[in-house]
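Working notes, structure below.
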Amino acid sequence: MQYRDLGRTGVQVSELCLGCMMFGGRTEPQVSMDIIDRAIDAGINFFDTANVYNRGRSEEVVGQALKRNGKRNRIVIATKVHGRMIEDDPNGRGNHRRHIIQQCEDSLRRLQTDWIDVYQLHRPDSGLAIDETLRALDDLIRHGKVRYIGTSTFAAWQLMEALWAAKELGLNRFVTEQPPYHLLDRRIERELVPFAQTYGVALIPWSPLAGGFLTGKYRPGEAPPEGTRLAGRDDPRTRALLAERSYGVLETLQTMAAEKGVTASQLALAWVAQQPAITAPIIGPRTMEQLEDNLGAIEVVITDEDRRRFDEVAPPGRAIAPYYEADFGPHRYRWI
Ligand SMILES: NC(=O)c1ccc[n+]([C@@H]2O[C@H](COP(=O)([O-])OP(=O)(O)OC[C@H]3O[C@@H](n4cnc5c(N)ncnc54)[C@H](OP(=O)(O)O)[C@@H]3O)[C@@H](O)[C@H]2O)c1
């Protein structure tokens, strides 16, 4: 396992980040903890979770596992705030100070730790100005509850504005951004990637396998197999993934993977990991077998010729299957 700079922080994180979204949900706690132990043995020191994953159960399982193996001090834990955690409460979600501080306390309790390494906004919140949010996050850093702050699924303009506000106001700035990114959706290459390269923000992409599509487990004209993530789903993302255009990309991926003697998922993960400005893709194993497969990605070398072949079927900056539409503004209030 190799380690990379987490943006401009100086912190070293493994080239794969362990996504914990399945833990305590579709993956039962015992298996989740075994997956965590195996990932640490393989050299992974970077975990991603969120308060909303399985209504807090994911954080609880991570906390329990790190208590059990005594490795908390070696792990860089990233978690998130924004999504609804309190029903029937107009203040039970969002990026305002009240919610953020309450949720941070709850996450610390579930994770059984005194600090969060990277506290991320799960989404932008166009209902308030960024200085409100930044001041709350800055207070958490100053109180020692959080080491660094990051974002997820922000537009480049929103992040740029946040860096500007932080500088003007003398507050801690965001050091990471977590966007959706894989062969079927390369839209971040237009603005977010050059932004991140210019300003030293670490990109840690989510869904590097397009939720499992790029493993090759779904076949054209057939219903998704029982027990898989896409089974029984009929939403715009699933329809785009299971369209003919996506299978065209998958076919190239599978051909190239066979030539290299690796799995399609390993090649797809390696492609994300070795794209410009990427710090570490976040893998999302549901089972131990999937983790073992995903770990193999670190051995795969992507050549210029490989990139050229991928660019032909999945053009740079474009989406073959648009994976996510975020709230990219405008915002109700300005910070200035
Ligand atoms: N910031 C955000 O908004 C956001 C959003 C989503 C995720 N995330 C983070 O990113 C992480 C990864 O996201 P993701 O789970 O969507 O990533 P992904 O790598 O695109 O998909 C992972 C899924 O693919 C399937 N899979 C993986 N390896 C496989 C293999 N070898 N063989 C067969 N199937 C395999 C499994 O699904 P099945 O077996 O169930 O089919 C697995 O859960 C999450 O854990 C979370 O930490 C963040």
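The values are calculated or read from the model by the stated rules, or taken from the named source; none is laboratory data. Please read all numbers here as calculations on a predicted model, not as lab measurements. Note that each Cβ is placed from the backbone with ideal geometry, even for glycine, and that neighbours are counted across all protein chains shown. Ligands, DNA and RNA are stripped out before the accessible areas are found, and what is left, the full protein with its side chains, is counted by its heavy atoms. Shrake-Rupley method; radii C 1.70, N 1.55, O 1.52, S 1.80 Å.
For D235 and R318, the FRET efficiency from 1/(1 + (r/R0)^6), where r spans their Cβ atoms and R0 equals 25 Å, is about 0.75. The shape of segment 201-336 can be summarised by an equivalent ellipsoid whose semi-axes, obtained from the alpha carbon gyration tensor, come to 25, 21, 16 Å from longest to shortest.
Could you please state, rounded to a whole Å, how far the C-alpha centre of segment 319-334 is from the C-alpha centre of segment 56-108? Using only Cα atoms, the two centres lie 24 Å from each other. Highest mean first, the peptides 233-243, 292-302 sorted by other C-beta atoms within 10 Å per residue fall in the order 292-302, 233-243.
Per residue, how much space in cubic angstrom lies within the convex hull of the C-alpha atoms of segment 35-180?
Numbers: hull volume 16.2 nm³, N = 146.
Considering the Cα atoms of segment 35-180, their hull volume per residue is 111 Å³.
Cα convex hull, the chain: 131 Å³ per residue, rounded to a whole number.
Computed over the alpha-carbon atoms, segment 233-302 gives an Rg to Rh ratio of 1.00, Rh here being the Kirkwood radius from the mean inverse distance. With helices as the sole contributors, the chain gives -11500 deg cm²/dmol at 222 nm; each DSSP H run of n ≥ 4 counts as -39500 (n - 2.57), and the sum is divided by every residue.
Rounded to the nearest 5, what % of DSSP beta bridges with both residues in segment 3-313 are antiparallel?
Working: 4 of 29 bridges.
Taking every DSSP beta bridge with both residues in segment 3-313, the antiparallel ones total about 15 percent.
The 3J(HN,Hα) values that the Karplus relation (6.51, -1.76, 1.60; θ = phi - 60°) gives for segment 70-83 are, in residue order, x, 9, 3, 5, 8, 9, 8, 9, 10, 9, 9, 9, 2, x Hz. Gly and Pro appear as x. Under 18 Å from the Cα of K80, which lysines turn up, not counting those fewer than eight places away in the same chain? Result set, ordered by chain and number: K145.
How much accessible area per residue does segment 244-336 have, counting only protein heavy atoms and a probe of 1.4 Å, in square angstrom?
With the other protein chains kept in place, segment 244-336 gives 49 Å² per residue.
State, as an integer percentage, the relative contact order of the chain based on alpha-carbon contacts under 8 Å between residues 6 or more apart. Walk me through the numbers before you get to the answer.
Values: 622 pairs, mean separation 68.2, N = 336.
Worked out over the chain, it gives 20 percent.
Relative to the longest principal axis of the Cα atoms of the chain, the long axis of helix 29-41 makes an angle of roughly 80 degrees.
What FRET efficiency comes out for the pair K71/E244, r = Cβ-Cβ distance, R0 = 45 Å, nearest 0.05?
Numbers: r = 45 Å, r/R0 = 1.01.
Taking R0 as 45 Å, the efficiency between K71 and E244 is 0.50.
Using only alpha-carbon positions in segment 153-196, the gyration tensor eigenvalues give semi-axes of 24, 9, 7 Å once each is multiplied by 5 and square-rooted (largest first). Split the accessible area of segment 185-232 by element, probe 1.4 Å, and carbon with sulfur accounts for 49%. Close amide H contacts of I149 (hydrogens built in the peptide plane, cut-off under 5 Å, sequence separation of 5 or more or a different chain): Y119, V175. Placing unit charges on the Cβ atoms of the charged side chains and taking the dipole of the chain about its Cα centre, the candidate lying farthest along the positive direction among A268, V146, G317 is V146.
Rounded if a/c is under 1.5, else prolate if a/b beats b/c, else oblate: with a ≥ b ≥ c from the C-alpha gyration tensor eigenvalues square-rooted, which is segment 185-229?
Working: a/c = 5.60, a/b = 3.01, b/c = 1.86.
Taking the square roots of the gyration eigenvalues as a ≥ b ≥ c, segment 185-229 is prolate.
Using the Karplus relation 6.51 cos²θ - 1.76 cosθ + 1.60 with θ = phi - 60°, the per-residue 3J(HN,Hα) values for segment 185-190 come to 9, 10, 5, 5, 5, 6 Hz, with x marking Gly and Pro.
Quick one: net charge around N172, please, counting Lys, Arg +1 and Asp, Glu -1 for every other residue with C-beta under 11 Å from its C-beta. Could the numbers behind the result be given before it?
Values: positive: R135, R142, R147, K167, R173; negative: D138, D139.
Residues close to N172 contribute a combined charge of +3.
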